[in-house]
Amino acid sequence: MQKSSFFRWLSLLAGWMLLASCSLATPPATVQPTPLAFTKTPIPPSSTPYTTPTPTQPPTSTPSPTPAATATPPRLPTPSADVYLRVNQVGFLPSDAKAAFALTNADLSGYPFVLLNAQGEVAFQGTVGADRGPYGRFAHLYTLEFSALTTPGTYTLRLGNTASPRFQIASNAYAALLPLSLRFFRIQRCGDTQPEGHAACHLEDAVARGGPLDGEHIDVTGGWHDAGDYLKFVLTTAYSLDMMLSAYHSHPEAFAPHQAEFLEEMQNGLTWLLKMWDPEHGVLYDQVGDEHDHDLWRLPSYDDTHHIARPVFAVPAGRGANLAGKAAGALALAAVIWNDPQTPTADPALAQTYLQAARELYAYGLENPAAQPSHPADFYDETTWRDDMAFAGAMLYLATGENHYLEEAETFARAAGPGWGLDWASINGLAHYELGLLDPDYRATAANFLKADLQDARTAFVHDPFAVASDEMYWGVFEDLLGLSLEAYWYADLTGDGRYLPLATAQRDYILGRNPWGVCFVSGAGTVWPHHPHHQVADLNHLDAIGFWDEGPVPWETFHEEEITLHNTPDPFAAFQTSRAVYHDDVADYTTNEPTITTNATGIALLAWLNRGGQ
């Protein structure tokens, strides 16, 4: 489970203060970042070579492309120190800018490298590019650029005696990642919904806490467990639906041939949302379970066999516009999709059910204009709501054509402004993008708000040695990096200006393997992926390769102050940890290694763009 936006920044600040004032333990070496260059590219992503990290722009790796593969690899010199090659382990689209990184204490200036195809033949020869500067314990971080290689195939990069994980170059390089990522939602299923990896569970959910039915049992079975625990939130479920349904609506072809499977999964979340809204009493419920869910490491069916009565919280009067907006937006968009005869599971009657609930929830949001956090607020302390209501109004206009929804949505969106990122706490960018598509007169405004987000992130992207678009790491950072990548695609779609697409590609590559640890952070993808997530079902039932997108590294101090005792010692990634970023593939580390539905949903939304056009 991710912490709130406020809490993650407060935690980070407190961590650095502690680091400066005490010596309880010694953090890893500090990173010394060097600026990266920035290259403008058109949409779709171009093959502009990956540029190097100094303001003076020394040459990048010098390619010597071979028109046809050669059978005999050249003899490569052996560096004087170990070399760690980091590359996107899933692969690249042929038109992508393509680069690997090399961490080492050896001077690799002028060293050759090659790319070998599946037959072991040399498909590309290049020379190590400029030094990006030191990173942690390593004196050098080099770029190995091979954008000129566009021939589809499976490749391995070799430098001296060191070989990278295999990766693809293909127009459908990301096709298999979408059904894999969708599988995680089946594992997260709650109730009698045919979950994968565990039995039906929480069949007695739940007992109302607050509201006119306080103390009574109401049926809120089903839905998705939020993370490695078994809590269920309207906030994270509705956000996940917003992201995935919006991506499907924009690029349904990207989900083929898995459309029916995808839509079935979406219905699981939508059905649960309907249960959390009581139109008869005008009550919105927002959460099933509380902090006691974390008291015992168990399988979910334990709660049934022991008849544990879980609470479901009623949102108090005057609050909940954030939740109502996210939920109304998801239901209105679902109404559009299920009312479309081109949808494989089209159902006009079901679409009308979704639309009616969306109207009611939107009206609830108008009447209760304040945000409702989780219980306790440390879990998800959302404080904004206008972005959510803007998205809801936009989707209701899409579903109904009623102008007042569009007018109200644009008023909310302008008041919300830029989101300074995109995640469960901030869907400003999504609202602006959808409004820009719906109303040509709003398009320039939408683009300017997206640009504000991206310009802020670009500063970090340009200066970070691994091209990460964030000044700091924090709890759940990967969701935000995926969100920024989406905003780059949305900006390009609205304007035709692809200047931020290199930022998107760099975040994708970092998450999928071009990072200090050499880990592809999607379980079951690439060569090296997380095998020990902080996830009760995966741990107790020994599940692997379950398609989750991990939450990402945190500062050493954030991990340290949680006082986590790792199971896997010594740390196999010790050489790559720094004060800025640590990661552990360890079931005990909930700060860096706990899956969440919101990160998976944002990853799936990005995959729709990577697979758009049926690639």
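Quick rundown of the values:
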| read-out | value |
| --- | --- |
| Long-range lysine pairs (8 or more apart or interchain), the chain, Cα under 27 Å | 11 |
| Heavy-atom accessible surface of the stretch 217-315: percent carbon and sulfur, 1.4 Å | 56 percent |
| Tilt relative to the chain, helix 5-21 - C-alpha long axis, 0 to 90 degrees, to 10 | 50 degrees |
| Cα long-axis angle, helix 321-338 against the chain (0 to 90 degrees, to the nearest 10) | 80 degrees |
| Sulfur and carbon atoms: percent of accessible area, the stretch 478-546 [1.4 Å] | 49 percent |
| Accessible area per residue, Å², the stretch 382-532 with all protein chains present, probe 1.4 Å | 27 Å² |
| Length released on extending from Ala575 to Asp192, taking residue separation times 0.36 nm less the Cα-Cα span | 133.4 nm |
| Anisotropy class of the stretch 298-395 from Cα gyration tensor, a/c 1.5 cut | oblate |
| At q = 0.05, 0.07, 0.09 Å⁻¹, base-10 log of I(q)/I(0) for the chain (Debye sum, equal scatterers on each alpha carbon) | -0.21, -0.42, -0.69 |
| Spatial separation of Cα centroids for the stretch 134-148 and the stretch 212-265, in angstrom | 40 Å |
| Dipole-positive endmost among Leu115, Phe92, Pro530 within the chain (Cβ charges, Cα centre) | Leu115 |
| Helix 234-250 axis, angle to the chain major axis (alpha carbon atoms, nearest 10°) | 60 degrees |
| Those GluC sites (Glu not before Pro) in the stretch 183-267 that DSSP places in a loop and that have at most 13 other beta carbons within 10 Å | Glu216 |
| Using a Förster distance of 25 Å, the FRET efficiency for Asp456-His531 (Cβ separation, nearest 0.05) | 0.10 |
| Two-site FRET efficiency, His404 against Thr383, from Cβ-Cβ distance with R₀ of 35 Å, rounded to 0.05 | 0.85 |
| Residues Asp107 and Ala415, FRET efficiency given R0 of 51 Å [Cβ-Cβ distance, rounded to 0.05] | 0.40 |
| Alpha carbon centroid spacing (whole Å) that separates the stretch 333-403 from the stretch 409-434 | 15 Å |
| Rounded to the nearest 10 Å², the accessible area of His202 at probe 1.4 Å | 0 Å² |
| Gain in span if fully extended, Glu280 to Ala118, counting 0.36 nm per residue against the direct Cα distance | 52.1 nm |
| Estimated dipole of the chain in Debye, rounded to 20 [Cβ of Lys and Arg +1, of Asp and Glu -1, Cα centre] | 2480 debye |
| Among Leu355, Gly552, Gly513 the positive-end extreme of the charge dipole of the chain (Cβ point charges) | Gly513 |
| Spin-label pair Glu367/His292, simplified geometry with 7 Å Cα→Cβ offset, distance in nm | 3.2 nm |
| Extension gain from Ile308 to Glu562, taking 0.36 nm per residue of separation minus the Cα-Cα distance | 88.6 nm |
| Whether the stretch 416-459 is rounded, prolate or oblate, judged on the alpha carbon gyration tensor where a/c under 1.5 counts as rounded | oblate |
| Inter-probe distance in nm under a simple model that places probes 7 Å from Cα toward Cβ, at Asn448 and Leu540 | 5.4 nm |
| Modelled label reach - Leu203, point 7 Å along Cα→Cβ, the stretch 221-235 residues with backbone N closer than 16 Å | 221-223 |
| The stretch 85-163 - charge dipole about Cα centre, Lys and Arg +1 at Cβ, Asp and Glu -1, debye rounded to 20 | 180 debye |
| Farthest toward positive dipole pole in the stretch 442-534 [+1 Lys/Arg, -1 Asp/Glu at C-beta], among Pro502, Gly483, Ala457 | Pro502 |
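The values are calculated or read from the model by the stated rules, or taken from the named source; none is laboratory data. All of these numbers come straight from a predicted model, not from anything done at the bench. Positions of Cβ are generated from backbone atoms using ideal geometry, with glycine treated the same way; all protein chains shown enter the neighbour counts. The protein model used for the area step is the full one, side chains on, heavy atoms only, and it has no ligands, DNA or RNA in it. Shrake-Rupley method; radii C 1.70, N 1.55, O 1.52, S 1.80 Å.
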